[in-house]
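Shown next, in structure tokens, is the structure this report addresses.
The values are calculated or read from the model by the stated rules, or taken from the named source; none is laboratory data. The shown structure was predicted, so the numbers you read here are calculated from the model rather than taken from an experiment. Glycine also receives a Cβ, built like all others from the backbone with ideal geometry; neighbour counts cover every protein chain displayed. What goes into the accessible areas is simple: the full protein's heavy atoms, side chains included, and nothing from ligands, DNA or RNA. Shrake-Rupley method; radii C 1.70, N 1.55, O 1.52, S 1.80 Å.
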Amino acid sequence: MFDTLSDRLTGIFSKLRGKGRLSDADIDATAREIRLALLEADVALPVVKEFIARVKERARGAEVSQALNPAQQVIKIVHEELVAILGGEARRLRFAKQPPTVIMLAGLQGSGKTTLAGKLAQWLKGQGHQPMLVAADLQRPNAVGQLQVLGGRAGVEVYAPEPGNGVGDPVAVARDSIEHARRAARDIVIVDTAGRLGIDAEMMAQAAAIRDAIQPDEIIFVVDAMVGQDAVNTAEAFRDGVGITGVVLAKLDGDARGGAALSVRHVTGKPILFASTGEKLSDFDVFHPDRMASRILGMGDVLTLIEQAEAAFEEEQKERMTAKLLGGETFTLEDFLDQITAVRRMGPIANVLAMMPGMGQIKDQLADLDERHLDRVTAIIRSMTPAERANPKVINGSRRLRIANGSGTSVMDVNQLLNRFAEAQKMMRQMGGMMGLPGAGRRKATKSKGKRKGGKGGRSRAVTAQGGPARGGARIPGLPPGFDPSALAGGGLPPGFKLPKPDFNKLTKRKDD
């Protein structure tokens, strides 16, 4: 959603790089371009005015004029002001002192309330709660049936005593659901209410009646992030008419300009609690203003990437892989298959890679990534025997033909996989050796023709990685000659280690697909 705004801001900041000092004219020109970029992204005018005023005030201050890199300091200021507009810090749900906690969802029809109710229920269940969905939208056709389907997918109870489609009293359903939740030992109640195509008195009156009947701990307004400035106006109407306590941004994966997301928090004064992307129930997470600001500025979102990886990789799998690396064991095709399976659980590969810093510069290549390539790799590995996966060197010509036929691929595809896997194994050994992992990167010792100096048996003084004697005669195991461990303290890479250069052309869609 923020691709256009991100591209504009990246272009603006690129003009500042290389300047040792920023004049007032440079600051004014930069602020003018940022203002135009925000207005084109459909950000509310009052928000833009206040944002630009804050940026210009800070850019003319001592923190930029005395900075060694003024351009980076300006980017830092813009990032911090974006974080402030988006809410500063993430706010968690407020839970009742005595369960159940009651959460009421409000919003216009089509904003995604019912889908969001299922997503929120699944997320809360994953947090260890026992949520219950309440079908209080008795007006929209099949709204009750949709909520029951979503509840079944999320594995949570759905309280739906009325069939809906215009039949039943939503206020009575919402009121009775609280007592039912207490009897069923549900600690959270999520009430899905009816919406309209636009703001009207009848909808507001019904929402206010439900609010008064259930006394919710949270009234969450679900805003469609694709409708632009109308989302801000609607949020203000619900704030004044019902009294919302938080906002959820739905449909953040759309291709709209994203101004609503940057405006709704500032205009309403209510925090953004969650962000919803996609149709799957798992496409939902807590809204973090700092991470969203980093994405907008093309800095990536490493923290979210780490959290998704921790959720996708099972604890037993992580421990087993760590023990294997620390023990210097060989990285096998079976391990590779486990890694691919876990990565696929994190979501689309393009979305995962887009969270890495700097990937915004190759967005076109990321858009062309073909995930079917990973399906072919998976099929090839699954067509191998356990012995072949453990030791690919035994795969001769006839075995390669059998694997290709069994996986529905070509011998060339099998050869490419084995060649790339051999390079990956080599890189793993290289990394293990340079990081000093026990057993990694070791070679078998060979007998020298002559005895070394230093006494019988060829004993010599132990040396450090820099070539000098180690203290107390202790030797650092597994470190290659010439490697300086202190180089890692500043975040650098070991000498001689080259980062792998991914060839995205191998992952793009093939002509024959």
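As a test of reading the structure, rank Asp217, Asp230 by solvent-accessible area (1.4 Å probe, protein chains only), most first. Working shown, then result.
Working: Asp217 50, Asp230 100 Å².
Greatest to least solvent exposure: Asp230, Asp217.
Can you tell me the length gained on complete extension of the stretch Gln109 to Leu374, counting 0.36 nm per residue apart and subtracting the Cα distance?
Details: separation 265, 0.36 × 265 = 95.40 nm, distance 3.89 nm.
My answer for the length gained is 91.5 nm.
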Label-point gap, in nm, between Glu57 and Glu40 - each point 7 angstrom along Cα→Cβ: 2.8
List, in order, the whole-Hz ³J(HN,Hα) value for each residue of the range 134-146 obtained from phi through the Karplus relation with A = 6.51, B = -1.76, C = 1.60 and θ = phi - 60°; use x for Gly and Pro. 10, 8, 9, 8, 9, 9, 5, x, 6, 5, 5, x, 4
I need the shape label for the range 79-223. Rule: rounded when a/c is under 1.5, else prolate if a/b > b/c, else oblate, with a, b, c from the alpha carbon gyration tensor. oblate
Can you list residues from other chains, or at least 5 along the same chain, whose modelled amide H is less than 5 Å from the amide H of Tyr159? Leu133, Val134, Ala135
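Report the gain in length on full extension from Gln416 to Asp240: 0.36 nm times residue separation, minus Cα-Cα distance, nm rounded to one decimal. Please report the intermediate quantities before stating the final value.
On the way: separation 176, 0.36 × 176 = 63.36 nm, distance 6.22 nm.
Additional length available on full extension: 57.1 nm.
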List the residues of the range 88-109 whose backbone N lies under 19 Å from a point placed 7 Å from the Cα of Gln130 along the Cα-to-Cβ direction. 95-103
Students often get this wrong: which residues of the range 123-147 have the backbone nitrogen under 16 Å from the point 7 angstrom along Cα-to-C-beta of Ala172? 135-139
